[in-house]
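Here's the structure, in structure tokens; my notes come after.
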Amino acid sequence: DMENSAFYNNNNIKSVIIENGVTSLGDSDFMGCQELTSIIMPDSIIRIPDNIFYGCVKLVNVIIPNSVSEIGDCAFYYCSSLTNIIIPNNVTSIGYCAFCYCGKLTDITIGSKVKQVGNSAFGNCKKLSSVYITDLSAYLNINFDKIGFCYIKLYSFREDILVNEQEKNIYGNC
């Protein structure tokens, strides 16, 4: 397991493979690693900590393991090269500003067990154009008025249903 801020601002790291068996990462471990482009995490990780990839502006490839149940506050804040993200079915909580300022993020899939999404979790993701929610109960648990879905063009859950964003007030207080 890793200590908090283990590789903070280390611009020599370009890719990371975390060994199987590691269950926890520290807050801010890779914060400010501006050359980091990819990370592979094992299915033993249970939480994506606060600020872990904050400011990793070249981070393109992230696969959140199915074992993860929580994504911390500002976990991917200003990861401006991320283009899509799949939040696995076991995730129940997405933290405050978890994906704020991910300027190239266009597509998000939100898993079926999400019960809580922090304010501005997707704030200022100006290219975000589609959000796919895999389950109606997850959809009903999300307060769209506060999470920053200001720019969405396509919003749906399940393959057979398209939700009218005006009726569901997705744009909220943008």
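The values are calculated or read from the model by the stated rules, or taken from the named source; none is laboratory data. Keep in mind the model is a prediction, meaning the values are calculated, not measured. As a convention, Cβ positions derive from the backbone with ideal geometry for all residues, glycine included, and neighbour counts pool all protein chains shown. The protein model used for the area step is the full one, side chains on, heavy atoms only, and it has no ligands, DNA or RNA in it. Shrake-Rupley method; radii C 1.70, N 1.55, O 1.52, S 1.80 Å.
Using equal-weight Cα scatterers in the Debye expression, the normalised intensity of segment 65-135 in log10 at q = 0.20 Å⁻¹ is -0.74.
Report note on the peptides 101-112, 39-50: ranked by the mean count of other C-beta atoms within 10 Å, highest first, their order is 101-112, 39-50.
Neighbours of D27 by Cβ distance under 11 Å: Lys/Arg scored +1, Asp/Glu scored -1, total -3. Accessible area ranking (1.4 Å probe, heavy atoms, ligands and nucleic acids excluded), largest first, for Y54, Y8: Y8, Y54.
Take every Cα pair under 8 Å whose residues are at least 6 apart in sequence, average their separation, divide by the length of segment 73-138, and the relative contact order is 35 percent. Overall, the accessible surface of segment 1-110 at a probe of 1.4 angstrom is composed of carbon and sulfur to the extent of 46 percent.
Measuring with a 1.4 Å probe in the full set of protein chains, what accessible area per residue, in whole Å², belongs to segment 1-154?
Value returned for segment 1-154: 45 Å² of accessible area per residue.
Dipole of segment 25-130 computed with +1 at Lys/Arg Cβ and -1 at Asp/Glu Cβ about the Cα centre; of V117, L128, G26, farthest Cα towards the positive end is L128. Please state the shape class of segment 1-46: rounded when a/c is under 1.5, otherwise prolate if a/b exceeds b/c and oblate if not, all from the C-alpha gyration tensor. Taking the square roots of the gyration eigenvalues as a ≥ b ≥ c, segment 1-46 is oblate. Geometric descriptor of segment 19-143, per residue, is 78 Å³ (volume of the convex hull of the Cα atoms).
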